[in-house]
Amino acid sequence: MLRFVKPGFGTILPQDARAHEEWVAELVEQGYVIEGWHCDLSTGIFTLGKTAQRIHALEQGTCGLLDIIRDYGDGHRKIVLNILEEATSAASSFYYCTMITHDDGSAGRLCCIGTSTIDGAAATGRMQGVFAFSPPEH
């Protein structure tokens, strides 16, 4: 389990549903807001929910990877790109945590948990998972 995850952390493992489930359960326990997403690897198009769309300052729920990571911490974009590149080459479970800066200058913690499935014969696949947003401040 991930007990303390700092922004800038990321990991990728062979595809394992248990790791994915444990990571999500821990974030839910900590009060994070969880929302699903998916990506068709044949097109590179991500489909996000309404909260992720708002947090990432996107006008629509479909976008590319660069649209998603543009407001991530400077040093974190490379980590995320490396993780997602690995996830598109082999079935994987992955996790990353970053800070996202909003248009108003405020920042919040964002975690992404996902899995990838690859069909090498057809050169297609899918990534899917959840974004977990910092618990609301009281």
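Brief remarks follow.
- Test: residue in the stretch 106-117 that is in contact with a Pro (Cβ under 9 Å, 6 or more places away or on another chain), in a strand (DSSP E or B) and of a type in the set (V, I, T): no
- Sole exception among (1) buried (at least 20 other Cβ atoms within 10 Å of the Cβ); (2) not in a strand (DSSP E or B); (3) not polar (S, T, N, Q) for I83, by number: (1)
- Being touching an Asp or Glu at 6+ places or on another chain (Cβ under 8 Å), within 25 Å of E21 (Cβ to Cβ) and surrounded by 13 or more Cβ atoms within 10 Å (Cβ to Cβ) is a condition met by no residue of the stretch 109-116.
- Residue under evaluation C63, criteria (1) without any contact (Cβ under 8 Å) to a residue 40 or more places away in the chain; (2) crowded, with 16+ Cβ neighbours inside 10 Å; (3) over 10 Å from the mean Cα position of the chain (by Cα); (4) closer than 25 Å to E26 by Cβ, criterion not met: (4)
- When the criteria are applied in full, G36 fails the requirement of being small (G, A, S) and farther than 13 Å from C112 by Cα.
- Any hit, the stretch 75-89, residues being of a type in the set (G, A, S) and either touching a Cys at 6+ places or on another chain (Cβ under 7 Å) or over 20 Å from T11 (Cβ atoms) (or both): no
No lab work stands behind these numbers, since they all come straight from the coordinates. Keep in mind that this is a model prediction, so the values were computed, not measured. Methodologically, a virtual Cβ is constructed for each residue, glycine included, from the backbone with ideal geometry; neighbour enumeration extends over all protein chains shown.
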